[in-house]
Ligand code: GTB
């Protein structure tokens, strides 16, 4: 059931990616859209991220955060899990299925996402280093191995555990981050899985809301 108060999430004031929906408030927006929970988004400048008021909410000076009355949360995974746990639609009621869906959230965040982010950071920050040419293919192999394993598990299924869950939401968001690296594209079932997630009306609403937010903060 939606709560009586309207929660507020934080998002970058400026779009870091020209509106491709990669910043992590997008996961939270998508989850809130899936469960039908209205929310507000508050822009935070890069400077304000590191100031005491925001650090009290998010100790690492990052977005997203989530506030609902006295409740304050940080970490996109924890926020999505909180929303999925308090509303119907993103986690099965049955204990085993629920635990497996939560397990997939953790797989997305701790097994699949780290090599993708590491590769991205190396491309941004280490391109001029002498080790770059050797390191890049090693990182891409790591991503490829994980995607091969994930692809084998998904097979021809639409979602990871029967119906769409918070596990799929998180996995799709993490895989989107690998789009354009030339790796995801080699696994047609994973590319189709991402497209299936993006086609969900709740994803579309979240994406449009994030784009509108950036237009309104005037910083797209
Ligand atoms: N583990 C945290 C969580 O999941 O909530 C990580 C949050 C995080 O990395 N937040 C980033 C942030 O606030 C924004 S989403 N960074 C500011 C800082 O650390 O100072 C990451 C992100 C950034 C940029 C792009 N992009 O340019 O496409 C995409 C995603």
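Those residues that are without any contact (Cβ under 8 Å) to a residue 40 or more places away in the chain, in contact with a helix residue (DSSP H, G or I) (Cβ under 7 Å, 6 or more places away or on another chain) and assigned to a helix (DSSP H, G or I), I need them from region 146-160; list them, please.
Correct list: 146, 151, 154.
May I ask you to list the residues in region 37-53 that are assigned to a helix (DSSP H, G or I) and more than 9 Å from the ligand (Cβ to nearest atom)?
If the condition is that a residue be assigned to a helix (DSSP H, G or I) and more than 9 Å from the ligand (Cβ to nearest atom), then 47, 48, 52, 53 are the ones that fit.
List pairs: first in region 187-205 and under 18 Å from residue 36 (Cβ atoms), second modelled with pLDDT under 95, Cβ under 8 Å, 6+ apart or cross-chain?
none
Could you tell me which of the residues 99, 56 is part of a helix (DSSP H, G or I) and more than 16 Å from the ligand (Cβ to nearest atom)?
So the residue among 99, 56 that is part of a helix (DSSP H, G or I) and more than 16 Å from the ligand (Cβ to nearest atom) is 99.
Being more than 20 Å from residue 170 (Cα to Cα) and in contact with a strand residue (DSSP E or B) (Cβ under 8 Å, 6 or more places away or on another chain) narrows it down to one residue among 72, 48, 11, 53; which is it?
Among 72, 48, 11, 53, only 72 is more than 20 Å from residue 170 (Cα to Cα) and in contact with a strand residue (DSSP E or B) (Cβ under 8 Å, 6 or more places away or on another chain).
Out of all the residues in region 59-80, which are within 8 Å of the ligand (Cβ to nearest atom), under 14 Å from residue 7 (Cα atoms), in contact (Cβ under 8 Å) with a residue 40 or more places away in the chain and not in a loop (DSSP other than H, G, I, E, B)?
The one that is within 8 Å of the ligand (Cβ to nearest atom), under 14 Å from residue 7 (Cα atoms), in contact (Cβ under 8 Å) with a residue 40 or more places away in the chain and not in a loop (DSSP other than H, G, I, E, B): 79.
Could you check region 1-21 and list, in sequence order, the residues that are over 24 Å from residue 88 (Cβ atoms) and either assigned to a strand (DSSP E or B) or at pLDDT 95 or above (or both)?
The answer is 10, 11, 12.
Those residues that are surrounded by 14 or more Cβ atoms within 10 Å (Cβ to Cβ) and more than 10 Å from the ligand (Cβ to nearest atom), I need them from region 20-36; list them, please.
29, 30, 31, 32, 33, 34, 35
The values are calculated or read from the model by the stated rules, or taken from the named source; none is laboratory data. Remember, it's a predicted structure, so these values are computed and weren't measured experimentally. Heads up, the Cβs are rebuilt from the backbone with ideal geometry, glycines too, and the neighbour counts pull from every protein chain shown.
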